[in-house]
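Q: Attaching a single structure in structure tokens format; questions to follow.
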Amino acid sequence: MTMDSMATSLVSLPPSVLLAGGALLIPLLPRYFRAAWMILLSILGLAFLWSLPVLQASEFCVVSATYGNYSLMPYVSDPLGRLFATIFLLVLITGSLYAWSLDDRGESIGTMLYGAGAVGVVLAGDYLTLFVFWELMAIASTWLIWSRREVGSTAVGVRYLIYHLLGGGFLLMGILFQIHSTGSIQLQPFTEGISWGTLGQDLVSNPSGTLGPLFLLLGVAVNAAVVPLHAWLPDAYAKASWTGSVFMSALTTKSAIYVMIRLFPGLDILLVAGLVMAVFGTIYGLLSNNVRQILSYSIIAQLGYMIAAVGVGSEMALNGAAAHAFSHILYKSLLFMCAGAMAVYAGRATLVEWTDSQDDSMDRGASSHTQQWKQPDHPLPWGLFALYMIGALSISGVPLLSGFISKPMILESLGKAHHEAGLLILIAASIGTFLHTGLKIPYAMWIKPRLDSASGLVDVASQNHDVDDQASPETDATLTHKLPLSQWLAMSLGAGLCLLFGLAPDLLYGWLPYPVKFSPFEAYPISESLMTLSGGFFAFVLLRKWLYRPGRVLDLDWIYQKGGEPLRKVVVDTSWAVFGAVDIVVQRMASSMTQWFRGEKGTGPTPAQRFNLAQPSIESAIAWIVGTMLVIGLALFL
Amino acid sequence: MSRSQSTGQFETGQSGTGQHRAGQSGMKPPWRHWFVVVPVVFALLGGAAGVIIEVVYLADYASHWWNEIPVFYLLFGLISAVLTLAVVILLQRVLLRKHHGGSEA
């Protein structure tokens, strides 16, 4: 083999395989080499990815294989896939730097496998490859939640896993229906879409052809956190490990957005779903009192933008969805990194907390709590404020930052498609995003504590709290009040990327799947952004006093939880009853067989003697029978 | 025993009073006005810049019906934010569960 062919083979190695293979070596590496290894793998993945030719708006299959009658395309290089793989690998670099001092082999392995899954999904050219990496992503990301090792994180991880296995199940059903319908496993957009008006007729006339895209959409919608299938997102992202949530904010939902762009461009229901998500995420973000939960709801709102754009389906809208996914990963990973840093200094991840001054009124049978601002354990540094605000202003769509180069593209695509109501809803949601991420969080974490501190209005009672009193899933016992240099570097790198793409949007526009005929630096989008954000700021100044209330926000998962008890009774109790009945039947059968084997009831030689089995035990005999039955059953089935 | 005593991880400031902390922060009362003035000035400048851009460059721009309304986006920003916040403040009564004693989950 010549050097050239070796180099070609090496470059053709799918980045997902590189990451997954590299993950297996992590247990052998000493602690401080692990993050370096993860960064090196991600850089190599980027180098391999970008050394391949990409044909604009068409596919170039790098690696192919056959499975039965189907041709697999595990590594396809096209502009859309390369864009998503690039940003996934970039966030693996910044996130790994952030996790440099992490001393958890399992979490590092989980992170790399998670990254491998996400990159594998966006570079897959067929359904089977997509499904394999989709499930790898689900399992590996669950590990990142369990890595928190706090009270409640196990249960959250299980709920997350159930959601995603269910979503994976829908996806698999969709794939099977699709293969049955078309005979092909290649990823192709559903150009005709799903006709909701004639859905009933279509289900009767062409069940496979209709159920395929329906189940695929349902499976992808779970990962894209489409309301009402979203409850896993704020639940899991607020409880994952601090480093894990950085990767989770970037990978799962955005790989689902990629699949939506790929399979369902122009599907009209997605426009409605996107608008609902934008409003829902904004309102719940404003209701929440936990930093990572606010950021999680903000993800739902931003996903709403992308999904609405996919619903519009024009080239500009799809470019906008892809560009917004890219920008969103940049600033959201930065914000989640800052959230972890905030918790290090503040000693908590909540904005407002109840003090313990409880006034019990026995005669009324009620108790009242006084809402007081609890000072952070340490004042949060202004350097962190600057980095956080770059992310917060990016997500709010402030000019010269990364959010501004993608959000106006989506808005303009809606305007050009004459969805004016949708356009105004998205602008209102954008102002709401500024309210919770750009104003509510920084006011509570930086401004208000300093104002109180300077005025001598510090809550004395709350300062005397014992740290054990606030032990909760949000307070990490391993946290100290010092931020490692690597975390500062990672946040600075993230902020730098937000600025870079905000100042030079053509860098990103050159990677988009369709030619871009849009410039954000025009009078209209700049004027719109400045005026709306200014109006939103003064509304916050007027009403901020009533905005901060501690408490746990009730989401739609409350319905599942409330409905869970009756459902548990029906499903679990019925299952127990059925299993109990089966158990009795099996025991009686085993007893009868035992007696038959021993010849207690029959006459003549026992079956063991008949078949020359040497000293058969009861268990081996039953296993023998069951095994024979299984073989016969399998033979009949085949 | 507090965790600060047992592990030393939260060693500074945990046992101090609020007044003690206020002294630690090193902030003098006159400076606190900057925390209000600077953001307000930025917001005013931003809004004014937006209005000037609209007046100077977008006087004849008419892509949507609302482009006929002067400073529409400033009004829309203010009104939609007030409405959103009002809805959220009302919803707090319904959707926020009080979580007593310390941090919430």
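The values are calculated or read from the model by the stated rules, or taken from the named source; none is laboratory data. Everything quoted here is computed from the prediction, not taken from an experiment. A quick note on method: Cβ atoms are made from the backbone with ideal geometry, for glycine too, and the neighbour counts reach across all protein chains shown.
Q: Among A:His164, A:His180, which is within 30 Å of A:Asp126 (Cβ to Cβ) and either touching a Pro at 6+ places or on another chain (Cβ under 7 Å) or at pLDDT below 90 (or both)? Before you say what the answer is, go through the steps one by one.
A: Details: A:His164 fails: either touching a Pro at 6+ places or on another chain (Cβ under 7 Å) or at pLDDT below 90 (or both).
So the residue among A:His164, A:His180 that is within 30 Å of A:Asp126 (Cβ to Cβ) and either touching a Pro at 6+ places or on another chain (Cβ under 7 Å) or at pLDDT below 90 (or both) is A:His180.
Q: For A:Leu176, state whether it is assigned to a helix (DSSP H, G or I), touching a Leu at 6+ places or on another chain (Cβ under 7 Å), more than 22 Å from A:His230 (Cβ to Cβ) and assigned by TED's automatic domain parsing to the domain that holds A:Gly21.
A: Details: assigned to a helix (DSSP H, G or I): yes; touching a Leu at 6+ places or on another chain (Cβ under 7 Å): no; more than 22 Å from A:His230 (Cβ to Cβ): yes; assigned by TED's automatic domain parsing to the domain that holds A:Gly21: yes.
No; evaluated as a whole, the condition is false for this residue.
Q: Can you tell me how many residues within segment A:98-135 are in a loop (DSSP other than H, G, I, E, B), closer than 14 Å to A:Ala85 by Cβ and within 19 Å of the chain's Cα centre (by Cα)? If you could, list the steps in order and put the result at the bottom.
A: Taking segment A:98-135 as the starting set, the residues that turn out to be in a loop (DSSP other than H, G, I, E, B) are A:99-104, A:123-125.
Remaining after also requiring closer than 14 Å to A:Ala85 by Cβ: A:123-125.
Those left that are additionally within 19 Å of the chain's Cα centre (by Cα): A:123-124.
Going through segment A:98-135 one residue at a time, the tally reaches 2.
Q: Sticking with this structure for a sec: Of everything in segment A:477-529, what is within 14 Å of chain B (Cβ to nearest Cβ) and in a helix (DSSP H, G or I)? Give them in sequence order.
A: Of everything in segment A:477-529, those that are within 14 Å of chain B (Cβ to nearest Cβ) and in a helix (DSSP H, G or I) turn out to be A:Ala523, A:Tyr524, A:Pro525, A:Ile526, A:Ser527, A:Glu528, A:Ser529.
Q: Picking from A:Ala250, A:Ala225, which residue would you name as being in the same structural domain as A:Gly157 (by TED's automatic domain parsing), over 17 Å from A:Gly311 (Cα atoms) and surrounded by 24 or more Cβ atoms within 10 Å (Cβ to Cβ)? Lay out the reasoning, then the answer.
A: Numbers: A:Ala225 fails: over 17 Å from A:Gly311 (Cα atoms).
Result: A:Ala250 is the single residue among A:Ala250, A:Ala225 that is in the same structural domain as A:Gly157 (by TED's automatic domain parsing), over 17 Å from A:Gly311 (Cα atoms) and surrounded by 24 or more Cβ atoms within 10 Å (Cβ to Cβ).
Q: Residue by residue through segment B:45-59, note down the ones that are in a helix (DSSP H, G or I) and either touching an Asp or Glu at 6+ places or on another chain (Cβ under 7 Å) or at the interface with another protein chain (Cβ under 7 Å from one of its Cβ atoms) (or both).
A: Start the filter on segment B:45-59 by keeping residues that are in a helix (DSSP H, G or I), which leaves B:45-57.
Hits for segment B:45-59 are B:Gly46, B:Gly47, B:Ala49, B:Gly50, B:Val51, B:Ile53, B:Glu54, B:Tyr57.
Q: Checking A:Arg348 against (1) modelled with pLDDT under 80; (2) in contact with an Asp or Glu (Cβ under 7 Å, 6 or more places away or on another chain); (3) assigned to a loop (DSSP other than H, G, I, E, B): exactly one of these is not met. Which one?
A: Against the list (1) modelled with pLDDT under 80; (2) in contact with an Asp or Glu (Cβ under 7 Å, 6 or more places away or on another chain); (3) assigned to a loop (DSSP other than H, G, I, E, B), A:Arg348 comes up short only on (1).
Q: Still on this structure: Please give the number of the condition B:Phe10 fails out of (1) at pLDDT below 50; (2) facing chain A (nearest Cβ under 7 Å); (3) out of contact with any Gly (no Cβ under 7 Å at 6 or more places or on another chain).
A: (3)
Q: Take A:Ala590 and tell me if it is surrounded by 10 or more Cβ atoms within 10 Å (Cβ to Cβ), assigned to a helix (DSSP H, G or I), assigned by TED's automatic domain parsing to the domain that holds A:Ala429 and at pLDDT 65 or above.
A: On the way: surrounded by 10 or more Cβ atoms within 10 Å (Cβ to Cβ): yes; assigned to a helix (DSSP H, G or I): yes; assigned by TED's automatic domain parsing to the domain that holds A:Ala429: no; at pLDDT 65 or above: yes.
The answer is no for A:Ala590.
Q: State all residues of segment A:537-560 that are among the aliphatic types (A, V, I, L, M) and either buried (at least 16 other Cβ atoms within 10 Å of the Cβ) or within 9 Å of chain B (Cβ to nearest Cβ) (or both); if no residue qualifies, say none. If you could, list the steps in order and put the result at the bottom.
A: Quick first cut of segment A:537-560, residues among the aliphatic types (A, V, I, L, M) only: A:539, A:541-543, A:547, A:553-554, A:556, A:559.
Selection gives A:Ala539, A:Val541, A:Leu542, A:Leu543, A:Leu547, A:Val553, A:Leu554.
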